[in-house]
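What follows is a short report on a single structure.
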Amino acid sequence: MPAERLQKIIAAAGVASRRKSEELITSGRVLVNGQVVTELGTKADPEQDHIRVDGKLLQGPERYTYVVLNKPKGYVTTVSDEKKRPTVMDLIQGAKGQKVKGRVYPVGRLDWASEGLLLMTNDGTLANALMKASSNVPKTYVVKVAGQPDEGKLDKLRRGVSIAEKGGRRVRTAPAKIRLIHEGDNPWFEVTIIEGRNRQVRKMFEEVGHHVEKIRRVQYGPLALDVPPGDWRNLTLLEVAKLKTAASGPKLTLPPPALTPVRAPKSQPSSRPLRTREPLYLSRAPKSGAPKHQRD
């Protein structure tokens, strides 16, 4: 096997992230064939060399794990949090004795107040491919907004609007698909975008004068939300294959939306599902930090 950078080998073995692995090396906690290595960029052959971290011999690359989580409101999408807030890692670490096998991390982000489908994996190649701006993997959200945007505002969002990014730089969003799914004083919309900018959907509606009250991601590429809030499940081999195809296949563009949105009969959002095949779209998130369910 060709030699690879030491930090990459350590990360692949599931010991730590790539950045943390670099810190382990520079702090003198890594030995290669009995010799302390502190220089970043040092290469080794994981099949031929004996690599130890804090005295423990590496056992080879970690098996890839792929998990879909239904993130409730009130959790931050990060591995650790300086403010000691609940993180999505708390939901998969086995509060009831069951936990995800392997060290996984979130693919992309859902902010503290957002809910819904979050992919987590230790497959760095797939994660990077999915998060690339050029991947154009569609992401679908259900969104409750304050007030009733008129058709002119919705068409503006469908064509793309200018939003502010961190640092004040403004960018124009790609075309989006938007359709009405529940009428009311504060209606619900289904929104599909092919980008993943920070708080993008919230910022889009703010640009046309409407605050997003609730937002839930219900689809990520070929994956549809199908577990209760706070719960998770492992992906099937077929789902993993479809994700890889979505990340590396032909680049998607959203078709031009119809000028007239699909009108749904008036009803309370919490009283009926948005779709019969995905009955969890509008289910309530648990109020406490502990998840209601866990799965193998």
Study note, to complete from the structure: Of the candidates 133, 127, the one satisfying the condition of being at pLDDT below 95, surrounded by 14 or more Cβ atoms within 10 Å (Cβ to Cβ) and closer than 27 Å to residue 64 by Cβ is 127
Check your understanding: Just a yes or no: is a residue in the stretch 22-30 without any contact (Cβ under 8 Å) to a residue 40 or more places away in the chain, among the hydrophobic types (A, V, I, L, M, F, W, C), assigned to a helix (DSSP H, G or I) and farther than 30 Å from residue 247 by Cα?
Key -> yes
Study note, to complete from the structure: Among the residues of the stretch 56-80, the number that are farther than 15 Å from residue 114 by Cα, at pLDDT 90 or above and in a loop (DSSP other than H, G, I, E, B) is 1
Check your understanding: Which of the residues belonging to the stretch 86-122 are buried (at least 21 other Cβ atoms within 10 Å of the Cβ), assigned to a loop (DSSP other than H, G, I, E, B), of a type outside the set (Ser, Thr, Tyr) and at pLDDT 85 or above?
Key -> 88, 104, 107, 110, 122
Review point. Name the residues in the stretch 1-25 that are among the hydroxyl-bearing types (Ser, Thr, Tyr) and in contact with an Asp or Glu (Cβ under 8 Å, 6 or more places away or on another chain), would you?
Key: none
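When you go through 156, 83 one by one, which is the residue that is of a type in the set (D, E, K, R), surrounded by fewer than 14 Cβ atoms within 10 Å (Cβ to Cβ) and either outside any loop (DSSP other than H, G, I, E, B) or on the phi < 0 side of the Ramachandran plot (or both)? First the steps, then the outcome.
On the way: 156 fails: surrounded by fewer than 14 Cβ atoms within 10 Å (Cβ to Cβ).
Just one listed residue meets the conditions, 83.
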Check your understanding: Checking residue 134 against (1) among the small types (Gly, Ala, Ser); (2) more than 15 Å from the chain's Cα centre (by Cα); (3) part of a loop (DSSP other than H, G, I, E, B), which test does it fail?
Key -> (3)
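Determine, yes or no, whether residue 37 is over 25 Å from residue 121 (Cα atoms), surrounded by 14 or more Cβ atoms within 10 Å (Cβ to Cβ) and without any contact (Cβ under 8 Å) to a residue 60 or more places away in the chain.
On the way: over 25 Å from residue 121 (Cα atoms): yes; surrounded by 14 or more Cβ atoms within 10 Å (Cβ to Cβ): yes; without any contact (Cβ under 8 Å) to a residue 60 or more places away in the chain: yes.
Yes, satisfied.
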Review point. Can you name the residue in the stretch 1-21 that is over 27 Å from the mean Cα position of the chain (by Cα) and in a loop (DSSP other than H, G, I, E, B) and is also surrounded by the most Cβ atoms within 10 Å (Cβ to Cβ) among such residues?
Key: 3
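The values are calculated or read from the model by the stated rules, or taken from the named source; none is laboratory data. Please read all numbers here as calculations on a predicted model, not as lab measurements. FYI the Cβ positions are ideal-geometry reconstructions off the backbone, even for glycines, and counts take in every protein chain you see.
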